[in-house]
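This report refers to the structure that appears directly beneath it.
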Amino acid sequence: MRFHCRFLKIASVWTFGVSLLTVCAFAQTALDKQISTVFPDAQALYLDLHQHPELSSHETRTAAELATRLRALGYEVTEHIGGTGIVGILKNGPGPIVMLRTELDALPVEEKTGLPYASKIRAKDDSGSDVGVMHACGHDMHMASLAGTAAIMAHSKESWHGTLMLIGQPAEETITGAEKMIKDGLFTRFPKPDIGIALHDTNNLPYGKVGITPGYAKANADSVRITVYGKGGHGAQPHTTIDPVLIAARIAVTVQSIVAREIKPGDAAVITIGYIQAGTKNNIIPDDAQMGFTVRSYKPDVRQHLLAGIERVAKAEAMAAGAEKMPLVEKYESTSAVYNDPALTQHLAATLEGVLGKGTVVTEEPIMTSEDFSNFVEQGIPSFYFTLGVADPQKLSEAQAAGRQLPSNHSPLFAPVPDPSIKVGITAEVTILRQLLQGTPADVKKLTTPSSGN
């Protein structure tokens, strides 16, 4: 534990004739013993949550399970924040306030892993459809790690001081839960953190390793729905109609020129059209057509250019076709990019490597998936969002040698290796929290990039 070793050195450990290496080894051994103590319960929680997943905004059982454990550990727990969200506060004297977040929800995916603890749960989604439900994104792994971390922090108050704020966030998969918690007073009813921490598992790294990305780590995401209006008629007499299908097709092609010709090369930008829906029969030109977009970027100015460009192209193509009514352009779901404070990220990367071992911390490229942890960052909270490897090293190596990937998050075949992944997750979280929950809030502020944060 690099921070504690530095701290002990400052406290003149050498005067007692004890080597710094010995002290560090002792501290690491102590953490290993603590993890061995809490791991059985954390693993049991993981297996239970995996077999009882709940859809976004319906995580009642999941939230109750986590809340019960935190209360038993002495945390002040408040439930039903922003729906099913929970907040657990553990105060340990004056000092910094550090937030650790986990997600609660699962996905409408039917599990096909064949594991003995595979989910067999089915539920009604918000549209009333019967769907399989699975923790296909690994949020059960996140909750198990947080539960183990919460126990160690509660039982080792001599190793830190300040306020630990644990967040159980609902509805991450629909990118709505973080915003709902904030609107419900997350940072007014409760202390506003000096630092925010979040973990996410990945099959792109073997267990035992963690990934870090300074700066932008995940993308802005905007869901856009466009309804194109035309004039229906007989497919054999197109001259009497205004074909919305043709207009939609032109929009689909032309919007790609926004990325290709309007965005500076090197700036990340994606416009994907996931569906075009129109008509009922091959010889009928319909009155309208609907298109669904996902729009991804990192920089705010690129984001605004993409959204404005899509609307501009849609209206221009409708005008070119002589449409009597302009398209309806709706942005109905969105979240901003996850931004890791660069200085904080580098500092904690070094801290993690000091505990997990040389070569265990991997710098990863930013990816274009999204996460509403960004809503917390946007509240002026310097943050560190990192990834936890959960893949079997041999299977990962074989897949990479064959030029393929293991089943990723959101796959019905996604199967993290619980042991030792949960242990590594707990190790990483406890190490980070103990590092940050030292000194004063001003000391923590010094770890972040100048002008970052509150």
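The values are calculated or read from the model by the stated rules, or taken from the named source; none is laboratory data. These numbers come from a predicted model, not from an experiment. Here the Cβ is made from the backbone with ideal geometry for all residues, glycine too, and neighbour counts use every protein chain on show.
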query: Can SER297 be described as among the small types (Gly, Ala, Ser), surrounded by fewer than 21 Cβ atoms within 10 Å (Cβ to Cβ) and closer than 30 Å to PHE373 by Cα?
result: no
query: For the subset of the stretch 145-170 comprising residues that are of a type in the set (S, T, N, Q) and out of contact with any helix residue (DSSP H, G or I) (no Cβ under 6 Å at 6 or more places or on another chain), which member is farthest from TYR207 (Cα to Cα)?
result: THR163
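To keep it simple, each residue is scored yes or no on (1) within 24 Å of the chain's Cα centre (by Cα); (2) on the phi < 0 side of the Ramachandran plot; (3) not in a strand (DSSP E or B).
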site: MET181; (1), (2), (3): yes, yes, yes
site: GLY185; (1), (2), (3): yes, no, yes
site: PRO193; (1), (2), (3): yes, yes, yes
site: THR202; (1), (2), (3): yes, yes, no
site: TYR216; (1), (2), (3): yes, yes, no
site: ASP222; (1), (2), (3): yes, yes, no
site: THR227; (1), (2), (3): no, yes, no
site: TYR275; (1), (2), (3): no, yes, no
site: THR294; (1), (2), (3): yes, yes, no
- prompt: THR387 is checked against (1) of a type in the set (S, T, N, Q); (2) within 22 Å of THR102 (Cβ to Cβ); (3) out of contact with any His (no Cβ under 7 Å at 6 or more places or on another chain) and fails just one. What number does that condition carry?
  reply: (3)
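So, in the stretch 229-243, of the ones that are under 30 Å from LYS331 (Cβ atoms) and not basic (Lys, Arg), which residue ends up nearest to the chain's Cα centre (by Cα)? Before the answer, list the steps.
We begin by selecting, within the stretch 229-243, every residue under 30 Å from LYS331 (Cβ atoms); these are 229-232, 241-243.
Narrowing the set further to residues that are not basic (Lys, Arg) leaves 229-230, 232, 241-243.
On the way: TYR229: 37, GLY230: 40, GLY232: 44, THR241: 46, ILE242: 44, ASP243: 41 Å.
Only one residue fits best here, namely TYR229.
Does THR427 count as at pLDDT 95 or above, outside any helix (DSSP H, G or I) and not basic (Lys, Arg)? I'd like the intermediate steps shown before the answer.
Working: at pLDDT 95 or above: yes; outside any helix (DSSP H, G or I): no; not basic (Lys, Arg): yes.
It is false that THR427 is at pLDDT 95 or above, outside any helix (DSSP H, G or I) and not basic (Lys, Arg).
Identify, please: which residue in the stretch 217-236 is basic (Lys, Arg) and surrounded by fewer than 24 Cβ atoms within 10 Å (Cβ to Cβ) and is, among those, farthest from ASN282 (Cα to Cα)? Lay out the reasoning, then the answer.
Of the residues in the stretch 217-236, the ones basic (Lys, Arg) are 218, 225, 231.
After this cut, where a residue has to be surrounded by fewer than 24 Cβ atoms within 10 Å (Cβ to Cβ) as well, the list is 225, 231.
On the way: ARG225: 24, LYS231: 16 Å.
Only one residue fits best here, namely ARG225.
For VAL245, indicate whether it is assigned to a strand (DSSP E or B) and either assigned by TED's automatic domain parsing to the domain that holds MET326 or buried (at least 16 other Cβ atoms within 10 Å of the Cβ) (or both). Give the steps one after another, and end with the answer.
Working: assigned to a strand (DSSP E or B): no; either assigned by TED's automatic domain parsing to the domain that holds MET326 or buried (at least 16 other Cβ atoms within 10 Å of the Cβ) (or both): yes.
No, not satisfied.
Going by what's in this entry, would THR78 be described as of a type in the set (Val, Ile, Thr), out of contact with any strand residue (DSSP E or B) (no Cβ under 8 Å at 6 or more places or on another chain) and either part of a helix (DSSP H, G or I) or modelled with pLDDT of 95 or more (or both)? Don't jump to the end; show me each part of the working.
Working: of a type in the set (Val, Ile, Thr): yes; out of contact with any strand residue (DSSP E or B) (no Cβ under 8 Å at 6 or more places or on another chain): no; either part of a helix (DSSP H, G or I) or modelled with pLDDT of 95 or more (or both): yes.
For THR78, the condition - of a type in the set (Val, Ile, Thr), out of contact with any strand residue (DSSP E or B) (no Cβ under 8 Å at 6 or more places or on another chain) and either part of a helix (DSSP H, G or I) or modelled with pLDDT of 95 or more (or both) - is not met.
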query: Just one of the numbered conditions (1) closer than 17 Å to ASP184 by Cβ; (2) more than 23 Å from the chain's Cα centre (by Cα); (3) not aliphatic (A, V, I, L, M) is not true of GLU103; which one?
result: (2)
query: What number of residues within the stretch 254-275 are farther than 15 Å from ILE310 by Cα and surrounded by fewer than 18 Cβ atoms within 10 Å (Cβ to Cβ)?
result: 5
statement: Here the residues within the stretch 120-136 that are over 22 Å from PHE39 (Cβ atoms) and either part of a loop (DSSP other than H, G, I, E, B) or small (Gly, Ala, Ser) (or both) are LYS120, ILE121, ALA123, ASP125, ASP126, SER127, GLY128, SER129, GLY132, VAL133, ALA136
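Looking for something under 24 Å from the mean Cα position of the chain (by Cα) and not in a loop (DSSP other than H, G, I, E, B) - is there at least one such residue anywhere in the stretch 107-116? Break it down into steps so the answer makes sense when it comes.
At the first step, the residues of the stretch 107-116 found to be under 24 Å from the mean Cα position of the chain (by Cα) are 107-113.
This time we only want the ones that are not in a loop (DSSP other than H, G, I, E, B), so: 107.
Yes, some residue in the stretch 107-116 is under 24 Å from the mean Cα position of the chain (by Cα) and not in a loop (DSSP other than H, G, I, E, B).
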- request: State which residue pairs qualify: first residue surrounded by fewer than 23 Cβ atoms within 10 Å (Cβ to Cβ) and inside the stretch 55-71, second residue assigned to a helix (DSSP H, G or I) in any location, beta carbons under 6 Å apart, and separation of 6 or more residues or different chains.
  value: ARG69/ALA147
query: Given the structure, is ASP301 within 28 Å of the chain's Cα centre (by Cα) and free of Cβ contacts under 8 Å to residues at least 12 places away in the same chain?
result: yes
- prompt: Can we say ALA151 is of a type outside the set (S, T, N, Q) and buried (at least 16 other Cβ atoms within 10 Å of the Cβ)?
  reply: yes
